Amino acid sequence: KAGVTQTPRYLIKTRGQQVTLSCSPISGHRSVSWYQQTPGQGLQFLFEYFSETQRNKGNFPGRFSGRQFSNSRSEMNVSTLELGDSALYLCASSLDPGWNTEAFFGQGTRLTVV
Amino acid sequence: SQQGEEDPQALSIQEGENATMNCSYKTSINNLQWYRQNSGRGLVHLILIRSNEREKHSGRLRVTLDTSKKSSSLLITASRAADTASYFCATDDGTASKLTFGTGTRLQVTL
């Protein structure tokens, strides 16, 4: 069974640009969550999607957005990139949101903003 | 924001020794999960313990949960060099797939 796949693995962007990251969850998993990991703030929840609907959102500015497709694949977009957006972005998939379900993570996308 | 903290922040042991990491959290939880991360790569799921469970085992891993103290511990027995990584605990409150992570423990296992 394939794991969670994130693309691309590495990305370098310039301030002011926008970026789209992709996540393919484990087959059969319908919930996809996104996290940002930085040395200063640690692992922070961005948002969660289930059945193409955003169910939960973390405390991030509106420049961070996402969506989920009917096949459960998800994308997140960051517009008007800032240097502080440099981070490892991790995607997690789970069978159903909440109750006693494990969340499995992908390898992450390392975004560097210069 | 972080749910809580992990203790110690860093731990260095020799191969064959046991490693114990502790996690404290602030609010009521539904589940607590432990993850391993190697050098800024993805998180590897280790074990999930439910709020009504007190102890769980998986191979060389033993996890305990004390909801009255809002704390959990992860014990790795007979450690190996390959166990060198950062370990995180993560909690959820059962309402959605939002996980709140601890600050992590960096474990170094030397030969």
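The values are calculated or read from the model by the stated rules, or taken from the named source; none is laboratory data. Predicted model only: the values in this text are computed from it and were never measured. In this analysis, Cβ positions are derived from the backbone assuming ideal geometry, glycine residues included, and neighbour counts consider all displayed protein chains.
Per-structure values
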| quantity | calculated |
| --- | --- |
| Residues of the range A:42-67 that turn out to be touching a strand residue (DSSP E or B) at 6+ places or on another chain (Cβ under 9 Å) and either more than 14 Å from chain B (Cβ to nearest Cβ) or among the aliphatic types (A, V, I, L, M) (or both), as a count | 7 |
| Residue in the range A:2-19 that is basic (Lys, Arg), away from chain B (no Cβ under 14 Å), over 29 Å from residue B:5 (Cβ atoms) and exposed (fewer than 14 other Cβ atoms within 10 Å of the Cβ) present | yes |
| Verdict on residue B:32 being at pLDDT below 95, under 17 Å from residue A:101 (Cα atoms), in a strand (DSSP E or B) and not hydroxyl-bearing (Ser, Thr, Tyr) | yes |
| Test for residue B:68: is it away from chain A (no Cβ under 14 Å) and touching a residue at least 24 places away in the same chain (Cβ under 8 Å) | no |
| Residues that are of a type in the set (Lys, Arg) and in a loop (DSSP other than H, G, I, E, B), drawn from the range B:63-111 | B:69, B:70, B:80, B:98 |
| Residues located in the range A:61-114, provided they are surrounded by 22 or more Cβ atoms within 10 Å (Cβ to Cβ), assigned to a loop (DSSP other than H, G, I, E, B) and either on the phi < 0 side of the Ramachandran plot or touching a Ser or Thr at 6+ places or on another chain (Cβ under 7 Å) (or both) | A:97, A:103, A:106 |
| Residue A:51 being at positive phi and surrounded by fewer than 13 Cβ atoms within 10 Å (Cβ to Cβ) | yes |
| Neighbours by Cβ (under 6 Å, 6+ apart or cross-chain): first from the range B:21-44, more than 11 Å from every other protein chain (Cβ to nearest Cβ); second aromatic (Phe, Trp, Tyr) | B:21/B:87 |
| Failed criterion for residue A:70 (all others in (1) more than 10 Å from chain B (Cβ to nearest Cβ); (2) within 21 Å of residue A:81 (Cβ to Cβ); (3) out of contact with any helix residue (DSSP H, G or I) (no Cβ under 7 Å at 6 or more places or on another chain) hold) | (2) |
| Among the candidates A:44, A:6, residue that is in contact with a Phe, Trp or Tyr (Cβ under 7 Å, 6 or more places away or on another chain), in a strand (DSSP E or B) and polar (S, T, N, Q) | A:44 |
